[in-house]
1. Using a simple spin-label model with points 7 Å from Cα along the Cα→Cβ vector, what separation in nm is obtained for K343 and V424?
2. If the chain between Q80 and S378 were fully stretched, how many nm would it gain, using 0.36 nm times the residue separation less the Cα-Cα distance?
3. Ignoring ligands, DNA and RNA, what accessible area per residue does the range 1-91 give at 1.4 Å, in Å²?
4. Quick check on packing: order 453-460, 99-106 by the mean number of other C-beta atoms within 10 Å, highest mean leading.
5. Read phi for every residue in the range 435-450 and hand back ³J(HN,Hα) as whole Hz from Karplus 6.51 cos²θ - 1.76 cosθ + 1.60, θ = phi - 60°, with x for Gly and Pro.
6. With a 10 Å radius around each residue's Cβ, average the other Cβ atoms per peptide and rank 701-707, 464-470, highest first.
7. Output the pairs from K343/K439; K503/K550; K49/K439 with a Cα-Cα distance over 26 Å in this structure; if there are none, say none.
8. Roughly speaking, what is the stretch gain from R497 to L663, that is 0.36 nm per residue apart minus the C-alpha to C-alpha distance, in nm to one decimal?
Amino acid sequence: MNLDQALQTFIAESRELLAAMETALLAVEQAEDKTELVNAIFRAAHTIKGSAGLFGLDHIVAFTHVVESVLDRARDGKLQIADSLVSLLLACGDHISVMIDAVAAGQTAEDDEVTQQGASMLSQLKTYLGADDTQAIHPVALAEHDIDATERIGAEASEADHWHISLRFGREVLRNGMDPLSFIRYLATIGEITGMVTLPDALPAAEDMDPEACYMGFEIALESKADKQTIESVFEFVRDDCRIRILPPNSRVEEYIRLIQDMPEESARLGELLVRCGTLTAQELDAALDAQAGTAAPQPIGAILVEQRSVRPEVVEAALSKQKQVSEIKGQESQSIRVDADKLDQLINLVGELIIAGAGVNLIAHRIKNAELQESTSTLSSLVEEVRDSALQLRMVKIGATFSRFQRVVHDVSRELGKDIGLVINGEDTELDKTVVEKIGDPLMHLVRNAIDHGIESAEARMACGKPAKGNIRLEAYHDSGSIVISVGDDGGGLKRDKILAKAVERAMVEPGQYLTDEEIYGLIFEPGFSTAEQVSNLSGRGVGMDVVKRNITALRGSVGIESETGVGTTVTVRLPLTLAIIDGFLVEIGKSVFAIPLDMIEECVEFSCEAGHDYTNLRGEVLPFIRLRELFKVAGAATRRENIVVLKHAGQKAGLVVDTLLGEFQTVIKPLGKMFGQVKCISGSTILGSGEVALILDVPALVERCASNERRVGADNRYQAEAQAS
């Protein structure tokens with residue numbers, strides 16, 4: 001066995017379990033039914049403890065065992081899950097994570113400093129445990145009912161007059177020096193084993209089998225006068241390495257149903273499930289099968305067993321449900337496969353090259369005017385487009401995993417600041433490119449932390465304004481015009497417009513008396529180091545890191561906007577492209593220069609018309625501002641006699657681009673610009689045409705904002721002139 005590889009698996013799985021544990025802890029307080037969440041938290045702690053023991057990580061085992069004991073009390077209903085306990089368990093999860101990180105760094109021995117940090121947590125945990133409870137709680141919760149608590153009502157109970165033991169040995173039992181059969185032999189000393197079924201379901205193919213691993217499982221019927229504690233003690237030395245369920249004689253039917261539902265998800269026929277549960281013997285099953293074979297029309301085995309009174313209908317229904325669940329899961333497993341992210345990136349790159357090569361073939365076909373070749377290249381283009389869409393879909397992931405990280409941030413930071421704040425998430429199933437997801441996490445973290453600190457007021461201030469004491473932060477994601485929109489909003493006091501403007505004037509960022517719209521004033525908080533916070537702290541002011549937020553979002557070809565209303569709240573809206581690799585584009589030409597525009601941001605194309613000296617036109621009764629690309633990029637030569645306007649739409653705003661010629665749609669492979677061209681305005685990237693020439697991709701958000709700024713500036717100038725004439 002490769003221990004280094006196994007240890008890496010332990011580290012990866014432990015981190016996943018800790019993440020799941022944190023998610024469940026943050027949700028457990030608000031949940032109406034806490035049972036399943038508490039069970040999930042317990043299972044995570046128990047699995048980490050058991051796995052750590054296999055590698056001799058005793059310090060992790062010792063700490064996690066106390067956490068597990070507290071969770072076991074919560075599972076039994078002896079302990080109420082409250083905010084203080086949740087905070088403590090979250091801190092314990094962080095401490096376990098620190099120990100796991102140390103193991104990942106190669107330090108498998110106990111560290112005195114880390115142990116000292118965990119000592120205070122252990123002291124707090126032990127306050128939730130009485131001395132009797134500490135002794136009574138076992139590392140594994142084996143059975144859910146004591147023998148004295150079992151109801152023995154004939155009409156409601158099964159006919160089985162024996163103890164039923166469902167036993168699954170762990171993979172490491174043999175390596176730990178234990179002989180599974182010796183425990184069964186010892187079990188026979190406290191009673192008579194009247195029936196036993198060996199379960200081969202866990203056995204892999206011969207070529208995959210590990211001779212040192214244990215794949216054994218058993219269903220055992222035991223006649224004994226011993227109590228449950230005595231039977232449990234037989235497996236004392238392997239409790240951490242196996243899974244055991246024990247049902248007393250004449251248990252209620254519901255117990256057998258629960259046992260069926262808790263069985264491992266393995267392939268099994270209905271009859272086998274019922275035999276394993278002890279509800280009928282193998283002979284009864286054989287008799288039922290014989291009866292089924294002797295009928296003219298085959299009957300379901302369950303119906304025959306019910307008719308023979310071998311099995312109660314409720315148990316048959318549970319077994320059938322289990323079988324259906326098994327088949328559905330098997331079907332899902334066969335339809336999914338894990339693929340390395342690097343392989344996906346390589347596939348996208350190859351698809352991009354295929355698109356460029358296909359465009360070159362298509363260009364040649366049109367040049368030589370061969371109708372048959374043109375038809376073939378048209379078919380090829382359609383197929384390449386489908387391949388492109390399928391490949392891009394493989395890289396799409398849900399943003400919910402990124403959003404869920406902020407539950408802990410809101411929980412911890414709000415308590416650090418003494419505020420009561422909740423997080424509301426919408427659109428967590430919205431998908432976008434995995435590269436975008438990886439890079440958007442840090443900017444969103446800045447926005448959430450600033451909303452907690454600077455956006456939401458204290459409970460006293462909120463109540464004084466007639467608001468609920470508890471504030472809310474909203475995280476929302478949705479698709480709009482080929483982009484993904486992510487908004488971070490709060491119901492706090494809103495931005496102080498006058499205060500921001502005064503600070504900007506003080507820092508000479510704005511001329512005194514200069515007219516600025518609300519949007520332009522709020523946009524000042526994205527300037528480096530800008531903050532209106534009166535006290536400096538690690539969270540103070542919306543200016544902390546906000547310039548980094550805008551820079552990172554711009555690097556993703558995105559844009560950020562802000563809306564605020566005094567006393568109502570603030571919303572920061574981030575717009576990002578769905579993918580950074582391949583898009584549908586639309587080619588336009590100015591002189592001999594070709595530009596590409598993202599197709600999903602184009603509203604329509606119309607013939608150019610406007611009054612001389614104006615930078616706007618009448619679009620069916622609507623004023624449409626436009627930009628002449630020839631003037632913007634200083635393209636030499638005169639305009640063509642028949643210009644066109646490409647109408648763009650972004651973030652609810654419209655703008656026009658005046659171009660010479662419309663060249664049509666084009667599958668655009670996005671190539672990033674070099675660092676030398678990083679500061680070029682209104683250009684977001686480049687692409688390669690079928691002819692091998694390079695075409696620049698226009699930055700639509702920047703162009704629309706440029707049009708809007710020009711319009712606001714003209715409006716402000718007109719107001720100043722009107723005021724001057726009036727005075």
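The values are calculated or read from the model by the stated rules, or taken from the named source; none is laboratory data. This one's a predicted model, so the numbers in the text were calculated from it and none came from an experiment. Neighbour counts are summed over all protein chains in view; Cβ atoms, including those assigned to glycine, are modelled from backbone coordinates with ideal geometry. For the accessible areas, the whole protein counts, side chains as well, though only heavy atoms, and no ligand, DNA or RNA atoms are used. Shrake-Rupley method; radii C 1.70, N 1.55, O 1.52, S 1.80 Å.
1. 4.3
2. Values: separation 298, 0.36 × 298 = 107.28 nm, distance 6.72 nm.
Fully extending the segment from Q80 to S378 adds 100.6 nm.
3. Numbers: 4200 Å² over 91 residues.
Per-residue value: 46 Å².
4. Numbers: 453-460: 19.6, 99-106: 15.9.
My ranking of the peptides, most packed first, is 453-460, 99-106.
5. With coefficients 6.51, -1.76 and 1.60, one gets 5, 5, 4, 5, 9, 8, x, 5, x, 5, 4, 4, 5, 5, 5, 5 Hz.
6. Working: 701-707: 21.0, 464-470: 12.0.
Averaged packing, sorted descending, gives the order 701-707, 464-470.
7. Working: K343/K439 19 Å; K503/K550 20 Å; K49/K439 34 Å.
Violating the 26 Å Cα-Cα cut-off are K49/K439.
8. Details: separation 166, 0.36 × 166 = 59.76 nm, distance 4.58 nm.
Going from the current span to full extension adds 55.2 nm.
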